[in-house]
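See below for the structure under consideration.
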Amino acid sequence: MVSLALSLGMAQDLIRADPDATAQLLSEARSTAVSALADLRTVMHSIHPAVLADRGLAGGLRALALDLALPVTVDGDAPAALPAAVQSAAYLATAECLANAVKHSRATAGGVTLRHDGAVLRIVVTDNGIGGADPAAGLGLRGVMRRLETFDGRLDLDSPAGGPTVITITVPHGPGRLP
Amino acid sequence: MSRMRIVLAEDLTLLRDGLIRLFQAHDFEVVAAVDNGPQLIRDLVALRPDVAVVDVRLPPGYSDEGLRAVLAARQQVPGLPVLVLSQYVEQLYARELLADGLGGIGYLLKDRVSDVGQFIAAVRRVADGGTALDPSVVAKLLDSRRRPLDRLSPREREVLAHMAQGRSNAAIGASLVITERAVGKHTASIFTKLGLQPSEDDNRRVLAVLAYLEG
């Protein structure tokens, strides 16, 4: 933004004296603005993707699944009145599990199932890969677990060597709490 | 060429005014400029513009009202040409827009308006019943998980990516710096490898590619 303002300021100075240099500065300013927008978009998307607000958790996960380098089916639905913070935490947790599946599992297919009963939202993420996922091995899953704990949620991992991997994310969303 | 009639839906006043100026400067007639979803559906159906340029995110809900309004209007006016602008492009939305197979669809990142020449060309292409998909959507659509694409050569994949954006052979040739004839050979080979019916019509080419990617 600083360099954008600088380019525009210099262009303003030069506009009469040197039209060619002005055109060059304006073109630089434009590409700076476009790349700032791209950065901003990446950050915003990593915090709270717009599609979550548009389509809710299940819709957001369906959109995410389309972008993955692994065929993933998304089944079921989330409660309509899920608080945005819970929705976001559940989305990011699921996204992290799927990213791990793509990166490490050598799976050929994955699945996400959403179930809720008025008190608890349960998301089961599976893949048919090699298993052996270990939350101690990377920061990703531990970060996800910590974030879920903020909402009294939890993540249970079942990933025997040889697979398959089954991850269950549980988040209370109603007046009830987990036992 | 008679002036194209355009309906614009954008809730940010500054951007709306900027786009109105841009379209007027390029000889479009802005027949309506609205800032919300319900008004957009009414105007699209009542005014039947040559093309509409629509922000995905509109009041009252500031979610995907623009997209929903467009889909609703196209149910009443099949094939109504629409170019949707968004801060972030989703494959899911691209697929919803293209699902009726009638063409006349554009889906671009908002930033693309800063390249005025290309943006205006995209609006005209959509108005003519063609397709203008953002390169970032196309890149996702052509993702490597679609195994049969492995059969394509790197050059053919490049050509396919341009084709899916809605470009003609001449335009593809110009940006890859090869002759239009050479592009024709590549497209013929792509169609053969993917088992698609060859077609000269730009929009049908895009829809054929997308239908293939879906399958």
Across B:114-121, the residue-averaged tally of Cβ atoms belonging to other chains within 10 Å stands at 1
For a quick check of your reading of the filter: which trypsin sites (Lys or Arg not before Pro) in the range A:74-179 sit in a DSSP loop and have no more than 15 other Cβ atoms within 10 Å? A:Arg106, A:Arg177
Give a residue-ordered list of calculated ³J(HN,Hα) values for the range B:71-81 (Karplus: 6.51 cos²θ - 1.76 cosθ + 1.60, θ = phi - 60°; whole Hz; x for Gly, Pro). 5, 5, 5, 6, 5, 7, 10, x, x, 3, x
Which listed residue (B:Val116, A:Ala53, A:Ala136) has the Cα farthest towards the positive end of the charge dipole for the protein assembly as shown, taking +1 on Lys and Arg C-beta and -1 on Asp and Glu C-beta about the Cα centre? A:Ala136
At 24 Å minimum axial length over the Cα atoms and a Kyte-Doolittle cut of -1.0, report the qualifying DSSP H helices in chain A, or say none. A:19-47, A:84-104
Rounded to the nearest 10, the angle in degrees between the Cα long axis of helix B:202-214 and the longest principal axis of the Cα atoms of chain B comes to 80
When the charge dipole of the range B:33-171 is computed with +1 at the Cβ of Lys and Arg and -1 at the Cβ of Asp and Glu, the Cα pointing farthest to the positive end, of B:Gly61, B:Leu44, B:Gly129, is that of B:Gly129
What does the charge dipole of the range B:62-215 about its Cα centre add up to, to the nearest 20 debye, if the Cβ of each Lys and Arg holds +1 and the Cβ of each Asp and Glu holds -1? 440
Translational D (Stokes-Einstein, µm²/s) of the range A:1-146 at 37 °C and 0.692 mPa s when Rh comes from the Kirkwood sum over C-alpha pairs? 180
Any residue on another chain or 5+ positions along whose placed amide H is under 5 Å from the amide H of B:Val34 is listed here as B:Leu8, B:Ala9, B:Glu10
Kirkwood estimate for the protein assembly as shown, i.e. one over the average of 1/r between Cα atoms, Å: 23.3
If only Cα atoms are counted, what is the Rg of the range A:26-73, and what is its Dmax, in Å? 14.6, 46
Taking all pairs of different Cα atoms in the range B:98-172, averaging 1/r and flipping that mean, what Kirkwood radius in angstroms comes out? 13.2
Ignoring solvent entirely, what values of log10 I(q)/I(0) come out of the Debye formula for the range B:79-215 at 0.09, 0.16, 0.17, 0.21 Å⁻¹ when each Cα is a single scatterer? -0.23, -0.78, -0.89, -1.37
Once you charge only the Cβ atoms, +1 for Lys and Arg and -1 for Asp and Glu, what is the size of the charge dipole of chain A about its Cα centre, to the nearest 20 debye? 320
The protein assembly as shown: antiparallel bridges as % of DSSP beta bridges, rounded to 5, reads 45
In what sequence, largest accessible area first, do B:Met4, B:Met163, A:Met145, A:Met10 appear using a 1.4 Å probe? A:Met10, A:Met145, B:Met4, B:Met163
Along the range B:55-68, Karplus-curve 3J(HN,Hα) (6.51, -1.76, 1.60; θ = phi - 60°) to the nearest Hz, with x for Gly and Pro, reads 6, 4, 9, 9, x, x, x, 6, 10, 9, 3, x, 4, 5
Can you check how the C-alpha radius of gyration of the range B:49-152 compares to 2.2 N^0.38 Å, as a plain ratio? 1.08
Can you tell me the dipole magnitude for the range B:36-117 around its Cα centre, using point charges on the Cβ only (Lys, Arg +1; Asp, Glu -1), in Debye to the nearest 20? 140
If you take every residue apart from A:Gly143 with its C-beta less than 13 Å away from the C-beta of A:Gly143, what net charge results, scoring Lys and Arg +1 and Asp and Glu -1? +1
Cβ-based net charge around A:Gln24, under 12 Å, with every Lys or Arg adding one and every Asp or Glu removing one: -2
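Give me the net charge of B:Tyr62's neighbourhood, meaning all other residues with Cβ under 10 Å from the Cβ of B:Tyr62; Lys, Arg count +1, Asp, Glu -1.
Values: positive: B:Arg57; negative: A:Asp54, B:Asp11, B:Asp64, B:Glu65.
Summing Lys/Arg as +1 and Asp/Glu as -1 gives -3.
The values are calculated or read from the model by the stated rules, or taken from the named source; none is laboratory data. All values reported here derive from a predicted model rather than from experimental measurement. As a convention, Cβ positions derive from the backbone with ideal geometry for all residues, glycine included, and neighbour counts pool all protein chains shown. In case anyone asks, the SASA skips ligands and DNA or RNA and just uses the protein heavy atoms, side chains included. Shrake-Rupley method; radii C 1.70, N 1.55, O 1.52, S 1.80 Å.
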